[in-house]
Amino acid sequence: MAEFTLELNDDQKQVRDWLHGFAADVIRPAASEWDEREETPWPVIQEAAKVGIYSLDFYAQQFFDPTGLGIPMAMEELFWGDAGIALSIVGTGLAAVGVLANGTEEQIGTWIPQMYGDADDVKVAAFCSSEPDAGSDVASMRTRAVYDQAKDEWVLNGTKTWATNGGIANVHVVVAVVDPELGSKGHASFIVPPDTPGLSQGQKFKKHGIRASHTAEVVLEDVRVPGHCLLGGKEKLDQRLARARERAASGGERVKNAAMATFEASRPAVGAMAVGTARAAYEVALDYAKTRTQFGRPIIDNQGIAFQLADMRTQIDAARLLVWRASWMATVGKPFTSAEGSMSKLYASETAKKVTAQAVQILGGNGFTREYPVERMHRDAAIYTIFEGTSEIQRLVIARTLSGMPIR
């Protein structure tokens, strides 16, 4: 078991500096343009693929870093560059985590490479869980998957929403209900291969922030997928459903569903994204405060500004420590006995909103214009307290874990 450490090793530092250089030289110069265009930045994704950042090998190396710090370090640096473009680069990772968390070795080897493609033919993937009437309340999910035993196929019907890369993805991972009587325990995840009939893109959302990332509805109309596209396989699903029925009948312990397994694995990574955005805004505000003069002196000479910056840096560092702790715990197999994953996501996302708002305030009128990046960073930061579990849901998870009570 790797010991918890606050110091990156030489290899990690080298990767960090490489990512920081890409974020500074490629992502940041393109950030404003793609935010205004509200389109997927395919040229930037292709550049990331050419240098090896957008690839299965790179994410596998970071995912299997024995210290657990590879993924959060990578997320922080890329999102320091720009949240919208970075999400376009890493959005495929959520679908990949869905396969890693629930799939067999054969499924992992078959489908994850198809999610990325290669530098000459870049692909993306989408994880489809939320629905118009089922966001935080996953038990209200309506998308159904019915097994056609005669053909060994699953038939999917329903509408997904808020899907990153939804409709434009090469591979879609779809969470659907297979046993409505079990609520959220009756869910399973399915691979929808490329060009499967019946899957289409619905509404594409025009968003407040992260506008370079494609977000849309995914409509499933009699979508038929082979039996081997059920993540984990039917035998494992049948066993899990049987255990859920037994526990439901006896009032026993809860069983995690497929979507929650994916979100639990990714929450510290989302926290790291928030840390990157917060750090970027803080650095802009710090530089501005040191060079902007009012009444004959830099504004950082005023305690009202200096103390804000001190608090901003303290909160960013505290958020990073929570993220690193949760990432290390997940990697070495230590259970989240106090909902440490949710803690990291909650604190980091709230910090990003607060720090970016303070950065706008420190820049004053300039901060309110698109001539300076903190305006965009502030808009982008709003998403962290919403997607992959709102701050309210994180607090609910933490409170339930700490108390052992079914708090509502």
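The values are calculated or read from the model by the stated rules, or taken from the named source; none is laboratory data. Everything numeric here is computed off the predicted structure, so don't read it as measured data. For neighbour counting, all protein chains shown are included, and Cβ atoms are generated from backbone atoms with ideal geometry for every residue, glycine included. These accessible areas exclude ligands, DNA and RNA; they are computed on the full protein's heavy atoms, side chains included. Shrake-Rupley method; radii C 1.70, N 1.55, O 1.52, S 1.80 Å.
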Practice item. Only Lys, Arg, Asp and Glu count, each charged at its Cβ (+1, +1, -1, -1), so figure out the dipole size of the stretch 308-408 about its Cα centre, rounded to 20 debye. Key: 220 debye
Exercise for review: For every helix of n ≥ 4 consecutive DSSP H residues, a contribution of -39,500 (n - 2.57) applies; sum these over the chain, divide by its total residues, and give [θ] at 222 nm rounded to the nearest 500 deg cm²/dmol.
Suggested key: -17000 deg cm²/dmol
Check your understanding: For the stretch 1-150, what relative contact order do you get, as a whole percent, if you take Cα pairs closer than 8 Å and at least 6 residues apart?
Key -> 23 percent
Check your understanding: Percent relative contact order of the stretch 162-227, based on C-alpha pairs within less than 8 angstrom and at least six residues apart?
Key -> 39 percent
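Estimate the FRET efficiency between Ser136 and Asp195 by the formula 1/(1 + (r/R0)^6), using the beta-carbon distance for r and 25 Å for R0, to the nearest 0.05. Display every interim value, and only then the final one.
Working: r = 32 Å, r/R0 = 1.30.
So, using R0 = 25 Å, E works out to roughly 0.15.
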Exercise for review: Using a Förster distance of 30 angstrom, determine the FRET efficiency expected from the C-beta separation of Asn157 and Asp121, and round it to 0.05.
Suggested key: 0.45
Exercise for review: Could you grab the relative contact order for the chain? Cα pairs under 8 Å, six or more apart, rounded to a whole percent.
Suggested key: 17 percent
Point to revise | Reach of Lys234 by Cα under 22 Å, taken over lysines that are not fewer than 8 positions away in the same chain | key: Lys151, Lys185, Lys256
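Please arrange Asp118, Asp65 by accessible surface area, largest first, computed with a 1.4 Å probe and ligands excluded. The partial results should precede the final answer.
Values: Asp118 85, Asp65 20 Å².
Correct descending sequence by accessible area is Asp118, Asp65.
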Check your understanding: Considering only DSSP beta bridges whose two residues both sit in the chain, what percent are antiparallel, to the nearest 5?
Key -> 85 percent
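For the chain, with every protein chain kept in place, what is the accessible area per residue (1.4 Å probe, Å²)?
Numbers: 18370 Å² over 408 residues.
Per-residue accessible area for the chain comes out at 45 Å².
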**Study point:** Gaussian network model of the chain, springs between alpha carbon atoms under 10 Å - residue of Val323, Val219, Val174 with greatest fluctuation
**Key:** Val219
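Can you send over the carbon and sulfur percentage of the accessible area for the chain, probe radius 1.4 Å, protein chains only? Don't jump to the answer; show the numbers that get you there.
On the way: 9450 of 18370 Å².
Answer for the chain: carbon and sulfur cover 51 percent of the accessible area.
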Practice item. Mind checking the full-extension length gain between Lys13 and Ala399? Use 0.36 nm per residue of separation minus the Cα-Cα distance, one decimal, nm. Key: 135.3 nm
Check your understanding: Any idea how far the Cα center of the stretch 286-315 sits from the one of the stretch 219-240, in Å?
Key -> 56 Å
Exercise for review: Could you estimate the translational diffusion coefficient of the stretch 182-230 from the Stokes-Einstein equation, with Rh from the Kirkwood formula over C-alpha pairs, at 20 °C and 1.002 mPa s, in whole µm²/s?
Suggested key: 162 µm²/s
Practice item. Would you grab the residues whose amide H sits under 5 Å from the one on Phe127? Only those 5+ places off in sequence or on another chain, please, with H modelled 1.01 Å from N. Key: Ala95, Thr164, Val173
Check your understanding: What's the long-distance tail for the stretch 2-106, i.e. % of Cα pairs beyond 18 Å?
Key -> 49 percent
Review point. Under a point spin-label approximation (7 Å from Cα along Cα-to-Cβ), what is the Leu6-Lys234 distance to one decimal in nm?
Key: 5.4 nm
Review point. Among [x] 0.98; [y] 1.04; [z] 1.06, which one is Rg/Rh (Cα atoms, Kirkwood Rh) computed from these coordinates?
Key: [x]
Study note, to complete from the structure: Largest fluctuation, Thr369, Thr161, Thr331 only, Gaussian network model of the chain with Cα springs under 10 angstrom, belongs to Thr369
Check your understanding: For the chain, with the dipole built from +1 on Lys and Arg beta-carbon atoms and -1 on Asp and Glu ones, taken about the Cα centre, which of Thr110, Val174, Thr92 lies farthest toward the positive end?
Key -> Val174
Point to revise | Trp34 - accessible surface, heavy atoms, 1.4 Å probe, Å² rounded to 10 | key: 20 Å²
Check your understanding: Using a Gaussian network for the chain with springs between C-alpha atoms less than 10 Å apart, which of these wobbles most: Phe63, Phe295, Phe387?
Key -> Phe295
Point to revise | Estimated vicinal HN-Hα couplings, Hz - the stretch 366-372 in sequence order (Karplus 6.51, -1.76, 1.60; Gly, Pro = x) | key: 4, x, 8, 9, 7, 6, 10
